[in-house]
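Participant: Quick one: this structure, given as structure tokens, is what I'll be asking you about.
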Amino acid sequence: MNIPVQITYRDFDHTDALDAFVQRHVDKLEAIGGSVTSCRVALEAPHRHKSHGRHYRVRIDISVPGATLLVDRSPNERHQGEDAYSAIDDAFDHASRMLTEHARRRRDLHR
């Protein structure tokens, strides 16, 4: 089953390469928790830093039965998110941990 994915770009141009990169990460989420019903991803380049270039913000809304898991990874002063691909990796790593924890809690609840 393919999880429906909606990708939104804000303040920078859409690329097919980024779409494919996000889709690969979403496919991995499906392997972790097969109960994902939809996924919305917002990629944003909110501002330019004078000395460090552009930073990227990634927001992921994952719908699972009975809940919506939200990941919001914003750039910070430690130079995270300077590359769109690394910002996406970081956000989806966090989403994977959240989805794993959510699945564990549901299993424990139904025992």
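Read the figures in this text as sums done on the coordinates, not as results from a lab. This is a predicted model, so every value here is computed, not measured. We place every Cβ from the backbone using ideal geometry, glycine too, and count neighbours over all the protein chains shown.
Participant: What net charge do the residues around ASN2 carry, taking every other residue with its C-beta under 9 Å from that of ASN2, with Lys and Arg at +1 and Asp and Glu at -1?
Facilitator: Value of the local net charge: -2.
Participant: Quick one: length gained pulling ASP89 to ASP16 fully straight, 0.36 nm per residue minus the C-alpha distance? Could the numbers behind the result be given before it?
Facilitator: Numbers: separation 73, 0.36 × 73 = 26.28 nm, distance 1.66 nm.
Computed gain between ASP89 and ASP16 is 24.6 nm.
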